[in-house]
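The values are calculated or read from the model by the stated rules, or taken from the named source; none is laboratory data. In this text the structure is predicted, and so the values were computed from the model without any measurement. Cβ coordinates were reconstructed from backbone atoms using ideal geometry, including for glycine residues, and neighbour counts include every protein chain displayed.
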Amino acid sequence: MANALELDAVTCGYDAREVVRGVSLAIAEGDFVGLAGPNGSGKTTLLRAASGVLAPSSGTVRLLGRDVYRDLTPREVARVLSVVSQDVAVDFSFTVEELVLMGRTPHLSRFGWESRHDLEIAQAAMAEAEISDLADRPITDVSGGERQRAFLAMALAQEPRVLLLDEPTSHLDLHHQVATLSRLERLNRRDGLTVVTVMHDLNLAAEFCDRTVLMNAGRIVADGPTRDVLTEEGLAALFGTSVHVTENPATGRPHVMLVPKRDGLPKRGDLRQDDGGQND
Amino acid sequence: MSTKRRKRTHTIVALGLVLVAVAACAVFVGTVWVPPGELLARGLGGTLGIRLARVALGIVVGAALSVAGVIFQAVLRNPLAEPYVLGVSSGAGLGAAVAILTGWSVVSIWVLPAGAFAGALLTMLLVERLARIGGRLPVHALLLAGVVVGAICGSLLMFLVSTASMESSRRLHDIVWWLLGNLQISDLSLLAATAGVVAAGVALASVLSRDLNLMVLGEEPAAHLGLGVERTKIVFFVLGSMLAGVSVAACGLIGFVGLIVPHTMRMILGPDHRTLLPASALAGAVFLVAADTVARTVLAGSGTELPVGVVTALLGGPFFIALLRKRRAVAWM
Amino acid sequence: MAIVAVLGAALAASMLARRTPHGATRHLRVVSLSPNTTEILFAIGAGGDVVGVTASCDYPPEARSVTRIGGYGCPNAEKILALRPDVVVGAGEGMGALPAVRLLVQRGIPVRLFEHESFGAILELTRRLGEATGRQENARRLVASLSARLAALDERTRNVPEAKRPRVYVEVWNDPIMSIGSHSFITELVRRAGGASVTADLPGDYPRVAPELVVERDPQVILTGYMNDPAQAAAVARRIGWGRVAAARDGRIITDIDPDLLLRPGPRLVDGAEQLFRRLYPEGAP
């Protein structure tokens, strides 16, 4: 069986500047992969290449065995793969429902309008993303978190087999962070949805991603089961800061803790004795 | 969604009825007062024929400019976009000025529109060539190229105007008259040709209007939803430029229609282009026919007419301000 | 005081010398800023004095070889000054405001500008040019001959009742459509030729007209002042809505009168009036 998504020695970038160098990555169907790394390591660029909007200067990208840039039209790609981007600029006043319905476009006939079936799928997607009550609100009238969920619903309405996400929880509060990823986990386990998500929050990634890929300076530096990849040495080298990795007592998943260096810094109480309360 | 489709049909039918009503009134009014009964009794020749042709051209050009405005606002994702933003009008103006100043425009009624259209076409090709970066047509490059080419054509036009002598003073007057835009049409075949091109363009744009919804989301989201973005951009660029070019060739520079009508209709009907585009075509037709009616009657005492471009500017501005104040425009789109 | 007297005498003497029609000590140097003043200067025998004309000055043929000083309405002050004119003449509205003309006045060059929007004004213009060039006698004779011809024409047309006068539409430009208004000498010409301009009541000299106004007034004769090609004139009849106009139905669209005879306010305007009369009344006046 073909891999869901396969990148083979992909090099790509912008204006002759290479951002991703010779990356090879094979994602099997049903994988739940987290992609992490420092800023500028090429995560978003990699996602762009994988989703069919940034043609690599060398290497191939295959979706379910077929070359995305040579053998597939954008429509064929969109029927199988959908993307939730980071921070889409919103200067249009479509309602949430209209927006989610646009997710049905790859499945509509060339000049067709949405059918009742399409409407049902859109409504199901909105329910998944917990924004059904906002259906008639203009997208400009909702909060950042609600907007992110609306775009997630749009991506789900595409009925994808592969879902790529770029920082899907960056604007969400604690409840919605957990809820969104739990939702994705459910879709992954129940429906076999392949998920690849760029994550800033390593602990969230650790909780939900079976597999983690670490990137640095355009290359993959680690790729494997999350437990094996999130090591103290590896993370310290990658991010340039000390960490302590333990286990979440509730779930048994790895948990990354910060260890900021405080050598030579006076303790918080000491200053008060010296200058009679002027400093605080 | 069938309710949406139904709503669209209702809107279009309603606008169509308004258009018929406005056109009917326009035909009975003009520089010279002729009682309606007498006008109809005389048949299609004479004044009735003149007015019908004017109204027909107003419908055609009003629709063309509005649709071009909708297209450019969506593709360029810019609220200031309008049919002339990509330099087409300046190129057409230059072509028309050359036709007028060389004296060829007297030779045949087709020379002036042909010159203007040629200018529009060349401008379009030049802008496309300039804006091409690495096989793509980035929106910001299109805008920049359009503004630059427009400015160059504009300065060439100014150069021509300034060096023309008073011997060509009549020709200077022509150029100014043409630049103000007017709907005087005297050749039936020209009217038919313009109407044909516009009808085809508006029909094609309506059929493709769903793609504009996707373009508005942004190029990357649109691509992720399955749109061939580069190809779509080119198709709409050509479509919009042709609609604008043929309008300018036929009537000169009628401004404001292509900016105001899309915004107004979007405020009333929402941003779904499957409704917005055909509705804007009809609304633009209504607007221009109404403006031309005013242009034909306001100076009736001296037996002359105002150029319709003057009226659209004077009518359009305040109308738009009033609408802006009524609705809290958070997002312009 | 004595110096002034001597200078004054010298000046008078030189002016007298110039004014002597025969064997003048030196020729007057005249620059003409308009085609009609050029025509009149040649017509009164002062053609030899003309040292500069506009690019539009094409009649008589001798005028074509005179140095060009710019376009009509756009004269070049430097070129004029280089010709060291004694006097600069011109006719036409707004001439006085031209920057080149103002410059000449500043430099002390005598500039004589004239009206020409009626036959009376044109005859007066002829007389004054005669005075300015010392050709009073020639000018007087020319004015007399033109007046006589005009009088003869008047005889035949003055008493034609309004209803019998052919309705004439004169179009001076086609895009925008421009015709002759109450102040244009062409309106007077049409009247003298026995016609009645359908746009005679419109204010101004060359107003823009609404097409339906012309069509409603149903002219019987159409004159185009900007094109002579009969095929092109037929285009006027083919305009949307113009097919019903009497002139179009009867094919009375006149294209074979030289436009300069109708549009240039000079001596040939009388020729134009006479030719138009013959076309309006092919069987003679009623």
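In segment A:163-199, the qualifying residues are those that are hydrophobic (A, V, I, L, M, F, W, C) and part of a helix (DSSP H, G or I), and the one that is farthest from A:Ser51 (Cα to Cα) is A:Leu174. Is there a residue being in a helix (DSSP H, G or I) and free of Cβ contacts under 8 Å to residues at least 12 places away in the same chain anywhere in segment A:200-207? No. Per the conditions (1) more than 16 Å from C:Arg217 (Cα to Cα); (2) within 14 Å of another protein chain (Cβ to nearest Cβ), the sole criterion not satisfied by C:Leu189 is (2).
For (1) assigned to a helix (DSSP H, G or I); (2) within 14 Å of chain C (Cβ to nearest Cβ); (3) touching a Leu at 6+ places or on another chain (Cβ under 9 Å); (4) buried (at least 17 other Cβ atoms within 10 Å of the Cβ), each residue gets a yes or a no:
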{"residue": "B:Gly93", "(1), (2), (3), (4)": "yes, no, yes, yes"}
{"residue": "B:Ser105", "(1), (2), (3), (4)": "yes, yes, yes, yes"}
{"residue": "B:Phe117", "(1), (2), (3), (4)": "yes, no, no, yes"}
{"residue": "B:Ala141", "(1), (2), (3), (4)": "yes, no, yes, no"}
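A single entry from C:Glu93, C:Glu124 fulfils the requirement of being assigned to a helix (DSSP H, G or I) and within 15 Å of C:Thr37 (Cα to Cα): C:Glu124. With respect to being in contact with a helix residue (DSSP H, G or I) (Cβ under 8 Å, 6 or more places away or on another chain) and crowded, with 24+ Cβ neighbours inside 10 Å, B:Ala250 fits the description. Looking only at segment B:197-256, residues that are touching a Ser or Thr at 6+ places or on another chain (Cβ under 9 Å) and of a type in the set (Lys, Arg) come to 1 in all. Would you confirm whether any residue within segment B:192-211 is of a type in the set (S, T, N, Q), part of a helix (DSSP H, G or I) and touching a Gly at 6+ places or on another chain (Cβ under 9 Å)? No, that holds for no residue.
Counting residues in segment B:258-270 that are surrounded by fewer than 24 Cβ atoms within 10 Å (Cβ to Cβ) and not in a helix (DSSP H, G or I) gives one or more.
Looking at C:Arg192, C:Arg167, just one residue is surrounded by 17 or more Cβ atoms within 10 Å (Cβ to Cβ) and at pLDDT 95 or above, and that residue is C:Arg167.
Which of the residues that make up segment B:271-294 are within 14 Å of chain C (Cβ to nearest Cβ) and crowded, with 24+ Cβ neighbours inside 10 Å? Passing the criteria: B:Asp292, B:Thr293.
Residues checked against (1) buried (at least 23 other Cβ atoms within 10 Å of the Cβ); (2) part of a loop (DSSP other than H, G, I, E, B); (3) within 9 Å of chain B (Cβ to nearest Cβ):
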| residue | (1), (2), (3) |
| --- | --- |
| C:Val215 | yes, no, yes |
| C:Pro219 | yes, yes, no |
| C:Ile222 | yes, no, no |
| C:Tyr226 | no, yes, yes |
| C:Ala231 | no, no, no |
| C:Ala235 | no, no, yes |
| C:Gly243 | no, yes, yes |
| C:Arg249 | no, no, no |
| C:Ile257 | no, yes, no |
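Against the numbered list (1) within 14 Å of another protein chain (Cβ to nearest Cβ); (2) surrounded by fewer than 18 Cβ atoms within 10 Å (Cβ to Cβ); (3) closer than 20 Å to C:Pro267 by Cα; (4) not hydroxyl-bearing (Ser, Thr, Tyr), C:Gly204 comes up short only at (3). Residues that are assigned to a loop (DSSP other than H, G, I, E, B), within 18 Å of the chain's Cα centre (by Cα) and within 29 Å of B:Val22 (Cα to Cα) are absent from segment B:52-69 altogether. Scanning segment C:64-90 for residues that are closer than 12 Å to C:Ser34 by Cα and of a type in the set (A, V, I, L, M, F, W, C) yields C:Ile69, C:Cys74, C:Val88, C:Val89. Restricting A:Val88, A:Val100 to residues that are within 12 Å of another protein chain (Cβ to nearest Cβ), at pLDDT below 95 and touching a helix residue (DSSP H, G or I) at 6+ places or on another chain (Cβ under 7 Å) narrows the list to A:Val88.
Could you check segment A:123-147 and list, in sequence order, the residues that are within 9 Å of chain B (Cβ to nearest Cβ) and assigned to a helix (DSSP H, G or I)? Please lay out each step first, then the result.
Filtering segment A:123-147 for residues within 9 Å of chain B (Cβ to nearest Cβ) gives A:138-141.
Result: A:Ile139, A:Thr140, A:Asp141.
None of A:Leu47, A:Leu72, A:Leu64 is buried (at least 21 other Cβ atoms within 10 Å of the Cβ) and of a type outside the set (Asp, Glu) except A:Leu47.
Among the residues of segment A:148-162, the ones that are more than 25 Å from A:Arg62 (Cβ to Cβ) and not in a helix (DSSP H, G or I) come to 0 in all. Given the criteria surrounded by 15 or more Cβ atoms within 10 Å (Cβ to Cβ), more than 14 Å from every other protein chain (Cβ to nearest Cβ) and touching a residue at least 12 places away in the same chain (Cβ under 8 Å), does A:Val33 qualify? Criteria met by A:Val33.
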